[in-house]
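Q: What follows is a single structure, and I will ask about it in a moment.
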Amino acid sequence: MDAIVQLTDVSKVYNDGRQFAALDDISIALRPGEAAAIMGPSGSGKSTLLNLIGGLDRPTRGTVTVDGANLGRLSEGGLARFRRQRVGIVFQFFNLLNNLTALDNVLIPAQLAGAHGNQARRRAEELLERLGVAALRNSYPARLSGGERQRVAIARALINNPPLLLADEPTGALDTHNGDEVMAIFADLNRSGQTIVLVTHDERLARANATRVLQLVDGAIAVDRGDSTLGVVQAK
Ligand code: ADP
Ligand code: MG
């Protein structure tokens with residue numbers, strides 16, 4: 001099957017006075033349906049990698065292809081469209097807008113994509129229901145717990161039905177219980193067919209939920225566990 005994410009000879013050099021290769025010539029292919037965990041020490045390039053896949057940044061060298069789109073060929077406008085329609089992104093600190101209710105936060109990407117009002121609202125409510133926070137639809141983020149905020153943020157990431165869901169340390173700001181619950185949501189979404197790439201520090205959560213584990217060290221892939229042409233979960 002064609003890869004949904006293909007990085008070929010990708011490097012990212014940050015240029016703030018000194019040249020620093022945050023990613024050094026990496027190649028990765030992820031298949032549709034995978035739940036890939038990106039692990040590695042702080043500063044190893046995990047967020048840089050996720051940002052390149054999500055079209056939030058461009059590589060210095062190499063090509064990034066996601067869901068058939070060669071991101072290097074897209075204009076800034078094309079890349080913005082790609083980010084709205086092809087990927088959903090979840091962050092460690094939720095990034096919800098505090099002056100909007102949970103429901104209105106979820107609706108933002110739909111509105112930006114020009115979705116029909118009633119239809120988008122119905123989908124937003126379905127997602128909040130599925131994520132167990134429907135009763136909080138009219139609450140503002142300040143009234144929600146961290147776990148509840150992250151559920152709302154996941155709903156927002158899914159509102160436009162993106163083929164790829166990305167998450168950067170989505171349990172990093174949560175206690176163990178809420179972290180486990182949020183990770184169970186990702187596992188459940190993956191079982192329903194959602195392709196997921198998620199950065200995590202948590203070896204235990206990665207082992208329990210990922211079908212593929214990529215370990216970054218100093219901007220290079222040190223370990224790629226679960227890379228098989230069938231995409232099956234490896235026995236532990
Ligand atoms: P991780 O998410 O694994 O902690 P990052 O991808 O955030 O790692 O960062 C990898 C390396 O690149 C780090 O050394 C970091 O300091 C550096 N870096 C990240 N973003 C920038 C930037 N915008 N400018 C300069 N250096 C950066
Ligand atoms: Mg990071």
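The values are calculated or read from the model by the stated rules, or taken from the named source; none is laboratory data. From a predicted model like this one, the values you see are computed outputs, not experimental measurements. Methodologically, a virtual Cβ is constructed for each residue, glycine included, from the backbone with ideal geometry; neighbour enumeration extends over all protein chains shown. When the accessible area is computed, the model is the full protein with side chains, heavy atoms only, and any ligands, DNA or RNA have been set aside. Shrake-Rupley method; radii C 1.70, N 1.55, O 1.52, S 1.80 Å.
Q: Given the criteria away from ligand 1 (no atom under 16 Å from the Cβ), open to solvent by less than 70 Å² (accessible area, probe 1.4 Å) and in contact (Cβ under 8 Å) with a residue 40 or more places away in the chain, does Ile108 qualify?
A: In short, yes.
Q: Check every one of the helices (runs of 4 or more DSSP H) wholly within the range 94-161 and list those with 2 or more residues that are more than 22 Å from the chain's Cα centre (by Cα).
A: By residue number, 117-130.
Q: Something else about it: Can you confirm whether Phe82 is in a loop (DSSP other than H, G, I, E, B) and either surrounded by 16 or more Cβ atoms within 10 Å (Cβ to Cβ) or more than 15 Å from ligand 1 (Cβ to nearest atom) (or both)?
A: For Phe82, the condition - in a loop (DSSP other than H, G, I, E, B) and either surrounded by 16 or more Cβ atoms within 10 Å (Cβ to Cβ) or more than 15 Å from ligand 1 (Cβ to nearest atom) (or both) - is not met.
Q: Given the conditions (1) part of a helix (DSSP H, G or I); (2) within 16 Å of ligand 1 (Cβ to nearest atom), report the number of the one that Pro170 does not fulfil.
A: (1)
Q: Tally up the residues in the range 1-39 that are farther than 17 Å from Val64 by Cβ and modelled with pLDDT under 95, please.
A: Qualifying residue count for the region: 7.
Q: Can you name every residue in the range 172-191 that is of a type in the set (S, T, N, Q) and surrounded by 15 or more Cβ atoms within 10 Å (Cβ to Cβ)?
A: Asn178, Asn190
Q: Can you tell which of Gly33, Gly55 is away from ligand 2 (no atom under 16 Å from the Cβ), under 29 Å from Asp188 (Cβ atoms) and in contact with a helix residue (DSSP H, G or I) (Cβ under 6 Å, 6 or more places away or on another chain)?
A: Result of the check over Gly33, Gly55: Gly55.
Q: Collect the residues in the range 79-104 that are among the polar types (S, T, N, Q) and farther than 11 Å from Ala157 by Cβ, keeping them in residue-number order.
A: Matches in the range 79-104: Gln85, Gln92, Asn98, Asn99, Thr101.
Q: Can I ask one more? Please work out which residue is farthest from Ala3 (Cα to Cα), limiting yourself to the range 185-219 and to residues that are within 15 Å of ligand 1 (Cβ to nearest atom) and assigned to a strand (DSSP E or B).
A: Looking at residues that are within 15 Å of ligand 1 (Cβ to nearest atom) and assigned to a strand (DSSP E or B), I get Val217.
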